[in-house]
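One structure is given here, and the rest of the page talks about it.
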Amino acid sequence: MIKTFPKQGYTSVVFNATFYRNGKKLNAIEQAEVSAFSQLIRSYEKSESPDKVKVEFKDTDKGILIWAKTFDVNEIEEEIHNRTTSGFQGLGEAEINDMVQRKFNEMERQKTLEQLQQELQQQKELNEELQFQVTDLQTTLDAKKQVEYYSNIIGMAMPGLAKFLTNTPVGTAMSFLAGTEEKDKEKKELDANEKEDNKDAQNDQRQGIISLITEFCSTLTNQELGTLYLLFIELEKDKENIQRILKFITQVTTPKTTESNAGQ
């Protein structure tokens with residue numbers, strides 16, 4: 001069994017073994033390497049003389065319990081004795097590995113089969129839903145074609161009547177079935193989506209400006225940051241100062257003429 005763990009994807013396996021006698025817990029093996037399994041189990045069995053042993057295999061990387069079982073030592077010794085006296089030498093390592101591998105392959109095939117059956121059921125349900133949608137759309141399309149046909153006849157035969165029905169419930173229903181109302185609805189949805197996109201773009205731009213201001217403040221010295229804080233307080237009192245400061249720092253200044261130049 002230990003040799004099958006790597007094939008199952010378990011690469012960091014340790015084992016625990018707890019020994020009992022008459023229902024009382026004795027010493028135990030904790031987080032031991034599986035390579036020393038036989039040696040440690042036999043050593044503790046001789047020193048503790050247990051009547052039961054509980055064995056657990058765990059994967060430390062995945063943090064899961066792989067396998068656990070409690071053995072009755074007397075039953076094991078009796079089974080070993082019966083096999084020895086009957087001349088049964090037990091299965092070889094290759095035979096045991098082959099049995100385990102066949103069992104593992106069978107479990108994998110069963111798992112794959114269940115997964116395929118589940119996917120098939122999902123595809124059947126999806127196909128039924130699509131068939132229902134196709135039938136519904138076909139019914140709607142046929143109704144639209146009939147209404148459009150009779151609408152054209154009414155328009156050609158009695159133009160005044162068609163115009164009269166335009167703003168009535170009958171006209172609205174005919175427009176819906178003919179598809180014109182859906183076009184208007186699609187146009188409204190497109191306009192709404194465009195406004196939402198513009199709003200998102202403005203929000204992104206706003207967040208970008210706020211981020212730039214934050215980055216700029218992080219580069220200032222304590223004195224500069226304190227001065228900027230006082231300036232922000234004044235701006236908060238009167239937000240029109242923002243435009244005044246911008247106009248002041250962006251205005252074109254004309255160099256003053258020196259007195260000597262003026263005299264020349």
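No value in this document is a laboratory result; all are computed from the given coordinates. All of these numbers come straight from a predicted model, not from anything done at the bench. A quick note on method: Cβ atoms are made from the backbone with ideal geometry, for glycine too, and the neighbour counts reach across all protein chains shown.
Within the set Lys188/Lys239; Lys145/Lys195; Lys24/Lys111; Lys7/Lys54, which residue pairs have Cα atoms separated by over 32 Å?
Correct reply: Lys188/Lys239; Lys145/Lys195; Lys24/Lys111.
I need the phi-derived Karplus couplings for the stretch 118-127: 6.51 cos²θ - 1.76 cosθ + 1.60, θ = phi - 60°, integer Hz, Gly and Pro marked x.
These are the phi-based 3J(HN,Hα) values: 5, 5, 5, 5, 5, 5, 5, 5, 5, 5 Hz.
Highest mean first, what order results for 49-62, 114-127 on Cβ atoms within 10 Å? Write out the running numbers ahead of the final one.
On the way: 49-62: 16.4, 114-127: 10.0.
Highest-to-lowest ranking by the protection proxy: 49-62, 114-127.
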